[in-house]
Amino acid sequence: MSFKRVTSMLLAGAMIITMTAGLGETVQASEGNVQQIHFYAWTNEENMVPLVGAFNEDYAGQYELVYEKIANADTMTINTALSSGEDIDIMSQASAGDLRDRVDDGVYLGLKQFFDKDGMDYAEMMGDSVEETMNINGDYYAIPYNNNINMVFFNKKMFDEAGIDYPQSGWTWDDFRDTAMALTTGEGANKVYGAMIDVAGTGGGGGDNYWDLIARQKLGAFVYYNDDFTATQFELPEFKTSLEYFYNLAMEDKCIVPYDEYMALQYSNDTTAMAGLYNGKYAMWIAPVYGCLYLKSSYGEIPEGTDIGLVDMPTLEGGETVTTCYTSTVSIPANCKNPEAAWEAIKYICFERADLFAGVKAMNPGYLLKTDEEKEEFYNIIFDEKPGLDKDMAMNTMFLDRTLVSKDCTVSAGQTKITDLVNETMSLVFTGEMGVEEALEKLKTDGDAAIAAELE
């Protein structure tokens, strides 16, 4: 799927910024007797001007895209908007669990009909792992507008000063551990860590929970559930291997930022996390590709000499790269007055001009980049104007082959309780209040009970 790179800002007619009651600022195109398409998302309205302008020029006299800014991607924020009675043609969301709840409640329209009509294949466009998690009873109720691929950012200066070779794609988790230990120095307030990883979420409020990375690499999508989704599978040895590995990094080797320090320094904030990396607080940071966005000068002054590299995630045996990813999506509400118009806008936002939506956020598009030309153009958008980033290394890394495992979970049975359970349990593990085996037993027992309660 190709897209046109913007060389100038194209605005259709007189574009104005107005206020929409309860929804913050709204970017609107020129007035006229055309079909309006109301697109709800939480992106800063200034960043939406090029996309709205380009769409309204390309569809002048037919459609008018109107951007409605909501406060955030929180469940309550989006549900409130959906139940407000406002005309909503396209709704964004960041949570696959929320998506599934809305589908079960009949809030969203099935989109397979549009794919079939246009001769488009979901799996071929989005990839097998994303298709697997977005396929709900044979239909698709959302399209990813981005795909957040997890990688490892690293401070090249710290590697150089320690005389350690840069990591290479195909490295193992043993390599990661050895590197993190070698780059951990000092004591107390002056301690520098080999890595910073969100191993336990953010204290019950969600987060990345990278403690299960190895299990996901080995078991694939829907990792918490057995094959028929009637029970969890936390008893499998892959979970013990994964949790023990990250527990040992934190509690035995003490080579990654400890949980209490992670919370106190607010490293869950990506801007703060990148600052910690380029200021030498730790040498490696596991984060999505879009982490490079926080090297833009608009997020703070980048120290002179900053040199950040990018490498694929390690895997257990090395060799083939297996990397986790997750998406944000757009859907069409079931009560949309003109689904065909909404569909045209979704194709524009997600496929035809992904450079103007995902690209400006330094995110991979939701669809697969298949040709070298597509990759070159989109990666240039992602990595351009990021001072302190080794752009050549980042570009070369992204051109490498990798298998993606989607972290999106659209299983409904027990999902909310299991997510809360994981956050609660892992915060106890990584503060030293609970051991690995006890934690996995708790996840198994309480997780199975949560599923059984919803299947009754």
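Considering the zone a paramagnetic label at Ala452 would reach in this model (a point 7 Å from Cα along the Cα-to-Cβ line), which residues of region 233-251 have amide N under 20 Å from it? It comes to 233-236, nothing else. Normalised by residue count, region 149-223 yields a Cα convex hull volume of 127 Å³ per residue. Sorting Met393, Met126 by solvent-accessible area of protein heavy atoms yields Met393, Met126, largest first, with a 1.4 Å probe.
In this simple spin-label approximation, Glu373 and Ala162 carry label points 7 Å from Cα along the Cα→Cβ vector, and these lie 4.3 nm apart. Applying 1/(1 + (r/R0)^6) with r as the Cβ-Cβ distance of Asp121 and Asn269 and R0 = 41 angstrom yields a FRET efficiency of 0.60.
For region 98-253, the dipole from Cβ point charges (+1 on Lys and Arg, -1 on Asp and Glu) about the Cα centre works out to 400 debye, to the nearest 20.
To the nearest 0.05, how large is the calculated FRET efficiency for Thr416 and Glu301 if R₀ is 45 Å and r is the Cβ-Cβ distance? Display every interim value, and only then the final one.
Numbers: r = 41 Å, r/R0 = 0.91.
The value I calculate is 0.65.
Largest first, the extents of the alpha carbon coordinates of region 185-305 on the three principal axes equal 53, 32, 24 Å. A straight Cα-to-Cα reach below 14 Å connects Lys254 with the aspartates and glutamates Asp178, Glu187, Glu244, residues fewer than 8 places away in its own chain not being considered. Please report the carbon-and-sulfur percent of the accessible area for the chain; probe 1.4 Å, protein heavy atoms only, DNA, RNA and ligands left out. Here it works out to 45 percent.
In this simple spin-label model, placing a label point 7 Å from the Cα along the Cα-to-Cβ direction at both Asp58 and Asn396 gives a separation of 3.4 nm. Working note: 222 nm ellipticity from helices only, DSSP H runs with n ≥ 4, each -39,500 (n - 2.57), summed and divided by the residues of the chain, gives -10500 deg cm²/dmol to the nearest 500. Each Cα pair under 8 Å and six or more residues apart adds its separation to the average, and for the chain the resulting relative contact order is 24 percent.
Estimated from the Cβ-Cβ distance and a Förster radius of 41 angstrom, the FRET efficiency linking Asn335 and Leu428 is about 0.40. When you filter the GluC sites (Glu not before Pro) in region 81-189 for DSSP loop state and at most 11 other Cβ atoms inside 10 Å of their Cβ, you are left with Glu187. Semi-axes of the equivalent ellipsoid of the chain are 37, 28, 20 Å, computed as sqrt(5λ) over the eigenvalues of the C-alpha gyration tensor in descending order.
The values are calculated or read from the model by the stated rules, or taken from the named source; none is laboratory data. Owing to the predicted nature of the structure, the values given are computational and were not obtained by experimental measurement. With ideal geometry, Cβ positions are generated from the backbone for all residues, glycine too; neighbour counts draw on all protein chains shown. Keep in mind that these areas ignore ligands, DNA and RNA; they rest on the heavy atoms of the full protein, side chains included. Shrake-Rupley method; radii C 1.70, N 1.55, O 1.52, S 1.80 Å.
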